[in-house]
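Take a look at the structure below.
The values are calculated or read from the model by the stated rules, or taken from the named source; none is laboratory data. This structure is a prediction, so every number in the text was calculated from the model and none was measured. Cβ: placed from backbone, ideal geometry, glycine included. Neighbour counts: every protein chain shown.
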Amino acid sequence: MTVTAVRKDPQHLTMTLDAEFDASPARVWQLWADPRQLERWWGPPTYPATFTRHDLAPGSRVEYHMTGPDGDQPRGFWDVLDVDPPRRLSFRDGFANADGTPNLDLPRNEVDVTITELGGGRTRMSIASIFPSTAAMEQVLAMGMEEGLTQAVGQIDAILAADAIAARS
Amino acid sequence: MQVAPSDFDRMFGALADATRRDIVRRAIDGGEGVAELAVHYAMSFAAVQKHVAILERAGLVTKERIGRRKVVRTNLEGLLVARRLLDQYEELWRGRIGRMTALVTEPVEDRDP
């Protein structure tokens, strides 16, 4: 397992994930900087991503879509905030409408990538997600991190179990 | 049922609030309208109405007319989808890191390391 830590800080509305790779910082940077590499990991195999616009410069916009098994193509975008190869990339990730324009009704979260050389041919990559509000953070916590997930799934299980009992009686 | 990211967002946003989860639990019976639900919470009718509207947009509850009354009922299919999506999201970043690891350990082709 290359994920070495997952931290969350409710006070500062951040969540950080650390991972370590047997590779140089330049190689890890390439995973973000080369859109063809990015396409091989951003989406799962069932929802591969295609980056149709990709220029990692402050102020530029990256555009992508995912392609689902039924051919559906949800769209997303990044607004690039800060770039310092091969050490740092910062962007705001959001959902886009079918025509590719940003959907600003949905929350965007800021993602900060920090790449650090550890020596011995190893590199640490930290992903920090910063959320605009407590509500947006709760939402993402409920999406799959720690207590948020456990709690929501627990509640849903309880609901479904209660319903099954009610249906039998 | 295929769900787009915007639907994930609405669904998880809806379930991220304790009051709304409680409304979803209570509305399984489908016996209460918004006014009756509001009695259970230390908040205004308008606030409860807003929570119900968020759940409705997320597909987690529906409003049904029974005679002259309108009751709020939990949409169980929506919940099953939500649970499946929660499981998927848990693995999202770990999956990405796994794929990144596979990529960086691939033999280098035509580029300098």
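Just one of the listed residues (B:Glu64, B:Glu36, B:Glu56, B:Glu32) is acidic (Asp, Glu), modelled with pLDDT of 85 or more and buried (at least 18 other Cβ atoms within 10 Å of the Cβ), and it is B:Glu32.
Residues of the stretch A:21-80 that are in contact (Cβ under 8 Å) with a residue 60 or more places away in the chain, hydrophobic (A, V, I, L, M, F, W, C) and more than 7 Å from chain B (Cβ to nearest Cβ): A:Ala26, A:Trp29, A:Trp32.
Of the strands (runs of 3 or more DSSP E) lying entirely inside the stretch A:21-95, those containing at least 3 residues that are in contact with an Asp or Glu (Cβ under 6 Å, 6 or more places away or on another chain) span A:49-53. Within the stretch B:20-51, the set of residues being more than 14 Å from every other protein chain (Cβ to nearest Cβ) and more than 10 Å from B:Val71 (Cα to Cα) comprises B:Ala38, B:Val39, B:His40, B:Tyr41, B:Ala42, B:Met43, B:Ser44, B:Phe45, B:Ala46, B:Ala47, B:Val48, B:Gln49. Of the candidates A:Pro74, A:Pro86, the single residue that is more than 18 Å from the chain's Cα centre (by Cα) and buried (at least 17 other Cβ atoms within 10 Å of the Cβ) is A:Pro86.
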